[in-house]
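All remarks here apply to the structure that follows.
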Amino acid sequence: AIMAFSISILIIWLITNFGNSIVIGCVSEILEGRRLEVIKSLKLTFHLSGRLLVVSLVVGALVVLGFILLIFPGLIMAIIFGLSTPVVVIERLGALDSLRRSKEISDNMWWKIFLLLAALFAMFVLSYLVAEALSIILYRYYRQILVRHVIRILLITLVEPLYPISITHLYYGLRWQRVARPLPSVYEERYLPIQEAKFCYYCGQLLPYDALYCPNCGRRL
């Protein structure tokens, strides 16, 4: 029984990680104005599978350890490293670099990540309660345990994609805010006039006003 439970947990963990990564890749393509190619997102996910699983394992271990010690450290770990999966998929960074990048993006923006995670948690709890209520009602009529499991799976399946979709939107929103912050005076003097310059939406590189490609990351603007 313990072996079967462990195997089921492992399978759920793998499916959840791969599924979230595929959705993040698809949402990223849409937000960046590119044509959505599901096959491309699948190939990218499998290519980055090692990094994604390492990041998920490390973040999960830190969060669980934080909750074991005290609740507050677990919340801090979840907030600081909450953007690590989008960073792996979108920026193609390694596991440790993705953790550092997530901390950098979430710096001074922790409350936005906290509100998003709290809202998603509330929605998951609500969907589970609704599934339980519906399963109990229908069980009285059909007397089938399978009906209860099917209802749970359907409702959770409908709510699950909200996490990767919303976390990807938040990632882009926070990254845009960091790029749009006012520059230090030394930086402004070096690249005057500011009115004749623009920034790469992907890496923040300062560009000429008529640039079509970023010389730093190669992205088309």
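The values are calculated or read from the model by the stated rules, or taken from the named source; none is laboratory data. What you are looking at is a predicted structure, and each value in this text was computed from that prediction instead of being measured. Don't worry about glycine lacking a Cβ; one is built from the backbone with ideal geometry, like all the others, and counts go over all protein chains shown.
Observations on the structure shown:
- Count - residues of the stretch 17-54 that are touching a Leu at 6+ places or on another chain (Cβ under 7 Å) and not polar (S, T, N, Q): 5
- Filtered by the rule that a residue be in a helix (DSSP H, G or I) and in contact with a Lys or Arg (Cβ under 9 Å, 6 or more places away or on another chain), the stretch 48-88 gives ARG51, ILE80, SER84, VAL87, VAL88.
- Of all residues in the stretch 101-114, none that is closer than 8 Å to ILE79 by Cα and not assigned by TED's automatic domain parsing to the domain that holds VAL55 has its Cβ atom under 7 Å from the Cβ atom of a residue that is assigned to a helix (DSSP H, G or I) and modelled with pLDDT of 85 or more, 6 or more apart or on another chain.
- Residues within the stretch 90-110 that are within 10 Å of ILE80 (Cα to Cα) and within 14 Å of the chain's Cα centre (by Cα), tallied: 6
- Applying the condition of being within 28 Å of ILE79 (Cβ to Cβ) and surrounded by 14 or more Cβ atoms within 10 Å (Cβ to Cβ) to the stretch 117-138 and asking which residue is modelled with the lowest pLDDT yields ALA131.
- Here TYR141 fulfils each of the conditions (1) at pLDDT below 85; (2) surrounded by fewer than 17 Cβ atoms within 10 Å (Cβ to Cβ); (3) in contact with a helix residue (DSSP H, G or I) (Cβ under 7 Å, 6 or more places away or on another chain) apart from (3).
- Within the stretch 5-37, the residues that satisfy the criterion of being part of a helix (DSSP H, G or I) and more than 19 Å from ILE167 (Cα to Cα) are PHE5, SER6, ILE7, SER8, ILE9, LEU10, ILE11, ILE12.
- Residues (within 29 Å of LEU154 (Cβ to Cβ) and in contact with a Phe, Trp or Tyr (Cβ under 8 Å, 6 or more places away or on another chain)) located in the stretch 84-139: PRO86, LEU120
- Listed by first and then second residue, the pairs with beta-carbon distance under 6 Å, at least 6 apart or on different chains, first residue in the stretch 49-77 and within 16 Å of ARG100 (Cβ to Cβ) and surrounded by 12 or more Cβ atoms within 10 Å (Cβ to Cβ), second at pLDDT below 85 and not hydrophobic (A, V, I, L, M, F, W, C), are MET77/GLY66.
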